[in-house]
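Contents: one structure, followed by commentary.
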Amino acid sequence: MAPEIADTMPRTGGFPAVRHRRLRTTEGMRRLVRETAPRPSQFVLPMFAVAGEGVRQPVDALPGIARLSPDLLVEEARAARDAGVGGVLLFGVTDLKDADGSSAHAADGVVQEAVRALKTALPDLVVITDVCLCGYTDHGHCGLLGGGGEVDNDASLAVLAQTAVSHARAGADVVAPSDMMDGRVAAIRSALDEAGYEDVAIMSYSAKYASAFYGPFREAAGSAPGHGDRRGYQMDPPNAREAVREVREDEAEGADLVMVKPAATYLDVIRAVREATGLPVAAYHVSGEYAMVKAAAERGWLDERSAMLEVLTAVVRAGADIVITYAAVDAARWIHEGER
Ligand code: PBG
């Protein structure tokens, strides 16, 4: 094209023809072009079950979260459901610990009792159970220990599978292994099928990192390792490609949903996993990530509502279909209020 003709054409690219601010002038315009909007039904609330009745033990490091006996757990789960939250993820907290974590699969264990209470009172609520041994072993590791004090992968599989079956028998809709043993998804899938629980789904903590952000959780669950750390089985934080390998393996072993954990500090991993699988992707906004926002807000350093919603929106924007978060109920209510 001759230069003199080009000069007479209207400019269609670049400032001042392009003004990005036009789409930001009013809340109506911003809402119209908004790309990501977390839905309350995507949120899953983690809950801590203890034995007894009328028991509520607030967790210092997780403001707003308490360990609850089944009766109170049902009440809080009902409030979560009424706020539109998509499901709950249950952890058991108990003093009944031994080397083999045998209370993890007791028919009358804390999680099993809590699941029964929830499914009786709220049959439509999606109940997911964490499958791990760390809260039930006296050494606090996620599997059984071998002779050298290290976690024995293969020996742990049967106990994890037995635990998952006990959760299914109590009525869990989804079991979520968080132990990071290799082969546990396959072991759990075949044990569930053999016991007649073909319809119970597996949400695998596929890419679970050895993170410093689990600190407040370990206070809540009393599950800190007595010796050493979890670096021999949880993933090394610098690795992202490895997360995709973990996800592919879990998918091949029969996982129905996969998870990345933590969430907010691993947005790139969520995106990589989203692109690598067609399965629903969950992301766990973990205790430390929640506690950071709460603590700063308590000091008046952050606005809790907008900071928390910004983090949760980022996790969804990165590609998560499900966000597991201690802020589930508040966030669900804030979203409803924003829509009004
Ligand atoms: C159990 C488990 C942990 C979390 C979920 N399941 C702790 C850990 O691996 O040490 C952490 C959740 C959180 O920090 O919110 N293995």
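The values are calculated or read from the model by the stated rules, or taken from the named source; none is laboratory data. Quick caveat, the model's predicted, so the values are computed rather than measured. Positions of Cβ are backbone-derived with ideal geometry, glycine not excepted, and every protein chain shown enters the neighbour counts. Surface accessibility is based on the protein's heavy atoms, side chains included, excluding ligands, DNA and RNA. Shrake-Rupley method; radii C 1.70, N 1.55, O 1.52, S 1.80 Å.
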When segment 185-201 is checked residue by residue, the ones that are in contact (Cβ under 8 Å) with a residue 40 or more places away in the chain and within 20 Å of H141 (Cβ to Cβ) are V185, I188
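For every residue, the table says whether it meets (1) touching a strand residue (DSSP E or B) at 6+ places or on another chain (Cβ under 8 Å); (2) surrounded by 17 or more Cβ atoms within 10 Å (Cβ to Cβ); (3) under 23 Å from L145 (Cα atoms).
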| position | (1), (2), (3) |
| --- | --- |
| A195 | no, no, no |
| M203 | yes, yes, no |
| S206 | yes, yes, yes |
| A212 | no, no, yes |
| H227 | no, no, yes |
| P237 | yes, no, no |
| R245 | no, no, no |
| L267 | no, yes, no |
Could you say whether any residue in segment 60-80 is in contact with a Pro (Cβ under 8 Å, 6 or more places away or on another chain), under 25 Å from A320 (Cβ atoms), modelled with pLDDT of 95 or more and open to solvent by less than 40 Å² (accessible area, probe 1.4 Å)? yes
Kindly evaluate P237 against the criterion of being free of Cβ contacts under 8 Å to residues at least 60 places away in the same chain and assigned to a loop (DSSP other than H, G, I, E, B). yes
Taking first residues from segment 126-140 that are over 14 Å from A221 (Cβ atoms) and second residues anywhere that are open to solvent by less than 10 Å² (accessible area, probe 1.4 Å) and within 9 Å of the ligand (Cβ to nearest atom), the pairs with Cβ under 7 Å that are 6 or more apart or on different chains are I128/L89; I128/A176
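Could you list all residues from segment 199-225 that are of a type in the set (G, A, S) and more than 9 Å from the ligand (Cβ to nearest atom)?
If the condition is that a residue be of a type in the set (G, A, S) and more than 9 Å from the ligand (Cβ to nearest atom), then A201, S204, S206, A207, A212, G222 are the ones that fit.
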Among L96, L125, L157, which is more than 16 Å from the ligand (Cβ to nearest atom) and out of contact with any strand residue (DSSP E or B) (no Cβ under 9 Å at 6 or more places or on another chain)? L96
Mind checking which pairs have a first residue in segment 213-230 that is on the phi > 0 side of the Ramachandran plot and a second that is more than 7 Å from the ligand (Cβ to nearest atom), Cβ under 6 Å, 6 or more apart or different chains? G222/V93
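Would you point out the residue of segment 81-94, among those that are within 18 Å of D108 (Cα to Cα) and not hydrophobic (A, V, I, L, M, F, W, C), that is least open to solvent (accessible area, probe 1.4 Å)? Reasoning before the result, please.
Filtering segment 81-94 down to residues within 18 Å of D108 (Cα to Cα) leaves 90-94.
Now drop any that are not not hydrophobic (A, V, I, L, M, F, W, C), which leaves 92, 94.
Details: G92: 8, T94: 23 Å².
In this case the residue turns out to be G92.
Within segment 260-291, count every residue that is touching a residue at least 40 places away in the same chain (Cβ under 8 Å), outside any helix (DSSP H, G or I) and among the small types (G, A, S).
Residues meeting the conditions: 4.
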Residue in segment 282-340 that is surrounded by the fewest Cβ atoms within 10 Å (Cβ to Cβ), counting only those that are within 19 Å of I65 (Cα to Cα) and among the charged types (D, E, K, R): R299
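Somewhere in segment 135-142, is a residue within 16 Å of the ligand (Cβ to nearest atom) and either open to solvent by 40 Å² or more (accessible area, probe 1.4 Å) or closer than 22 Å to V258 by Cβ (or both)?
There is at least one residue in segment 135-142 that is within 16 Å of the ligand (Cβ to nearest atom) and either open to solvent by 40 Å² or more (accessible area, probe 1.4 Å) or closer than 22 Å to V258 by Cβ (or both).
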Hey, could you check segment 176-187 for residues that are open to solvent by less than 10 Å² (accessible area, probe 1.4 Å) and either out of contact with any strand residue (DSSP E or B) (no Cβ under 6 Å at 6 or more places or on another chain) or more than 21 Å from E249 (Cβ to Cβ) (or both) and say which is farthest from the ligand (Cβ to nearest atom)? M181
Going through segment 43-59 in order, the residues found to be open to solvent by less than 40 Å² (accessible area, probe 1.4 Å) and assigned to a strand (DSSP E or B) are F43, V44, L45, P46, M47, F48, A49
In the list V74, V111, which residue meets the criterion of being part of a helix (DSSP H, G or I) and within 19 Å of V165 (Cα to Cα)? V111
